[in-house]
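The values are calculated or read from the model by the stated rules, or taken from the named source; none is laboratory data. All values derive from a computational prediction rather than experimental measurement. Note that each Cβ is placed from the backbone with ideal geometry, even for glycine, and that neighbours are counted across all protein chains shown.
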Amino acid sequence: MYLNNLGFISNEQLQLAQSSLLPMVKGALYYTIPLTLITFCIGLVLALVTALARISSIKPLQWIARVYVSAIRGTPLLVQLFIIFYGLPSVGITINPFPAAIIGFSLNVGAYASEIIRAAILSIPKGQWEAAYAIGMNYMQALRRIVLPQAVRVSVPPLSNTFISLVKDTSLASLILVTELFRKAQEIASTTYEFMLLYVEAALLYWAICFILSVIQQKIEGRFDKYVSR
């Protein structure tokens, strides 16, 4: 209303912004947020497996993990999505938009997060491993009970940033026909031609989501403080 009174936005634009809010919020609730949560969870599992493979003494596992990380980090996310959604049908593999987005984003998160987890594990002093072995723990017990709890605390801030970045990256899913938040903004803008208004509105929604996630991130970091070795 204040923008309207100051002349920055017309009555028609204000009505359009109000009427387009619900479709974009639905796009966020039905696609953007679920896509973010699902791919981040899958990506974390993949990242942990990849990180452990990178630090293992088994050379073939190290090589496979290195190639995977290098391939994903060395190619654009958009190209990866296009290969999965538009490229695979040429070899007889057709995947629907939402599952294709899950696969693409999960592989991407897995590669980047694996380096975060690997660095967090390697940051734990070797004395922690030695102390665990000294009291009779094997490798897996030391990893699960001693090293990973501390590594989790170290990796929470960068992983949280990865999660927040993933929220924004899901806008790329609009290019493979996933009707998430930004796709809804595009659809409405294509019929009303109010591109600036609707794209700014979409940006504000992404900002609001990321702000809420930043608050949650701070609370999570506080809860993991007890795992930090003093």
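Listed values, structure above:
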{"quantity": "Of all residues making up region 7-38, the number that are in contact with a Phe, Trp or Tyr (Cβ under 9 Å, 6 or more places away or on another chain) and surrounded by 15 or more Cβ atoms within 10 Å (Cβ to Cβ)", "calculated": "9"}
{"quantity": "Residue within region 132-148 that is in contact with a helix residue (DSSP H, G or I) (Cβ under 6 Å, 6 or more places away or on another chain), among the small types (Gly, Ala, Ser) and closer than 23 Å to Cys210 by Cβ present", "calculated": "no"}
{"quantity": "Every pair of residues 6+ apart whose Cβ atoms lie under 9 Å, when the first sits in region 98-123 and is within 18 Å of Ala71 (Cβ to Cβ) while the second is assigned to a helix (DSSP H, G or I) and among the basic types (Lys, Arg)", "calculated": "Asn108/Arg73; Ala111/Arg73; Tyr112/Arg73; Ser114/Arg54; Glu115/Arg54; Glu115/Arg73; Arg118/Arg54"}
{"quantity": "Residue in region 74-81 that is within 23 Å of Ala120 (Cα to Cα) and not β-branched (Val, Ile, Thr) present", "calculated": "yes"}
{"quantity": "Some residue of region 116-130 being surrounded by 15 or more Cβ atoms within 10 Å (Cβ to Cβ) and within 18 Å of Thr170 (Cβ to Cβ)", "calculated": "no"}
{"quantity": "Condition check for Gln150: among the polar types (S, T, N, Q), at negative phi and crowded, with 18+ Cβ neighbours inside 10 Å", "calculated": "yes"}
{"quantity": "Single unsatisfied condition, Gly136 versus (1) at pLDDT 85 or above; (2) over 22 Å from Cys41 (Cβ atoms); (3) exposed (fewer than 14 other Cβ atoms within 10 Å of the Cβ)", "calculated": "(1)"}
{"quantity": "Among (1) surrounded by 13 or more Cβ atoms within 10 Å (Cβ to Cβ); (2) closer than 26 Å to Ala101 by Cα, the one test that Ser190 misses", "calculated": "(1)"}
{"quantity": "So Leu172, is it without any contact (Cβ under 8 Å) to a residue 60 or more places away in the chain, hydrophobic (A, V, I, L, M, F, W, C), over 19 Å from Ile216 (Cα atoms) and assigned to a helix (DSSP H, G or I)", "calculated": "no"}
{"quantity": "Any hit, region 174-195, residues being under 16 Å from the mean Cα position of the chain (by Cα), farther than 17 Å from Ser20 by Cβ, among the polar types (S, T, N, Q) and at pLDDT 90 or above", "calculated": "no"}
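Yes/no per residue for (1) over 14 Å from the mean Cα position of the chain (by Cα); (2) within 30 Å of Glu187 (Cα to Cα); (3) not polar (S, T, N, Q):
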| residue | (1), (2), (3) |
| --- | --- |
| Lys26 | yes, yes, yes |
| Thr39 | no, yes, no |
| Ile42 | no, yes, yes |
| Val49 | yes, no, yes |
| Leu61 | yes, no, yes |
| Ile64 | yes, no, yes |
| Val69 | yes, no, yes |
| Val79 | yes, yes, yes |
